[in-house]
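**Q** The following block contains the structure, expressed as structure tokens.
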Amino acid sequence: MHNPIIVALDVPSLEAALKLVEQLAPVVGAFKVGKELFVSAGPEVVRKIRATGAAVFLDLKFHDIPNTVAKAVEAAAQLDVQMLTVHASGGSEMLRAAEQAAQANARKLRRTPPLVLGVTVLTSLDREGLGEIGVEPNVGRQVERLASLAVKCGLRGLVCSPLEIARLRQIIPADVQLVTPGIRPPDAEKDDQKRTLSPKEAIHAGANWLVIGRPICAAEHPRAAAGKILASLQEP
Ligand code: C5P
């Protein structure tokens, strides 16, 4: 089994991020660099994490005109990230441009292309929030619509909430990778996450990767917390 744990490095500095990477690299599968860390520490943080050999998920959720997104994906591929995100609501042309940029650049650099992940509906948006911006207010239907569009445009992965995994597994090809946050071990605080699954439940439902932040990074012993989650996944 591959190690499906992606640790969300939701910290504001290069130093804090590298400290976590050093502790956790042996027991997790990848590290997620999001907007806070990238904006404060810059691409250097990605280079430094890659230099340790660890995989990087660059979660900047690109959403722009196709040419701009393609250039941003190319820049991310140059940084040698293994996964990155784009908003599926950017439309088919943008999604195709993102996937093509990932593939073309990888060929040029003779590397495996980064997995371009489509983000469907932000979990902060509910029926009312979707109605306000003039889109289909049924959250589930909108998620399915954007997931199908992303896959049709060639994306090989999607980000989804734990409670969407089972439904998406019914409507998308089996080789599409599902990456899910909102994961809480049975004994952990829920923090501000409302609809969670345990690591084991999420994998059983069909997730390929689990994004986990506070249950690991805010634990007294992050490495032990990550090790315990990994062990829970290996139990029969
Ligand atoms: O600390 P926690 O495990 O809740 O962190 C989850 C990570 O996944 C954070 O980086 C958060 O921004 C991200 N995320 C999320 N829910 C979403 C999308 C992303 O929690 N719907």
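The values are calculated or read from the model by the stated rules, or taken from the named source; none is laboratory data. None of the values given here were measured: they were computed from a predicted structure. Counting neighbours? That spans all protein chains shown, and the Cβs are built from the backbone with ideal geometry, glycine included.
**Q** Pull up the stretch 1-45, narrow it to residues that are of a type in the set (D, E, K, R) and without any contact (Cβ under 8 Å) to a residue 12 or more places away in the chain, then point me to the one that is surrounded by the fewest Cβ atoms within 10 Å (Cβ to Cβ).
**A** Per the stated criteria, the residue is E15.
**Q** Kindly establish whether A231 is at pLDDT 95 or above and of a type in the set (G, A, S).
**A** Considered against the rule, which asks whether it is at pLDDT 95 or above and of a type in the set (G, A, S), A231 comes out as yes.
**Q** Separate question: Can you tell me which residue in the stretch 56-82 is farthest from A25 (Cα to Cα), limited to those that are touching a Gly at 6+ places or on another chain (Cβ under 7 Å) and buried (at least 18 other Cβ atoms within 10 Å of the Cβ)?
**A** Across the stretch 56-82, the extreme among qualifying residues is V69.
**Q** Can you tell me how many residues within the stretch 52-97 are assigned to a helix (DSSP H, G or I) and more than 16 Å from the ligand (Cβ to nearest atom)?
**A** Residues flagged as assigned to a helix (DSSP H, G or I) and more than 16 Å from the ligand (Cβ to nearest atom) within the stretch 52-97 amount to 20.
**Q** Then there is this: Search the stretch 173-193 for residues that are more than 11 Å from G213 (Cα to Cα) and outside any loop (DSSP other than H, G, I, E, B) and pair each with any residue that is within 9 Å of the ligand (Cβ to nearest atom) and of a type outside the set (G, A, S) when their beta-carbon atoms are under 6 Å apart and the residues are at least 6 apart or on different chains.
**A** Pairs that qualify, where the first residue is more than 11 Å from G213 (Cα to Cα) and outside any loop (DSSP other than H, G, I, E, B) and the partner is within 9 Å of the ligand (Cβ to nearest atom) and of a type outside the set (G, A, S), are L178/C160; V179/V159; T180/C160.
**Q** Give the number of residues within the stretch 194-236 that are assigned to a loop (DSSP other than H, G, I, E, B), under 24 Å from V116 (Cβ atoms) and away from the ligand (no atom under 12 Å from the Cβ).
**A** 3
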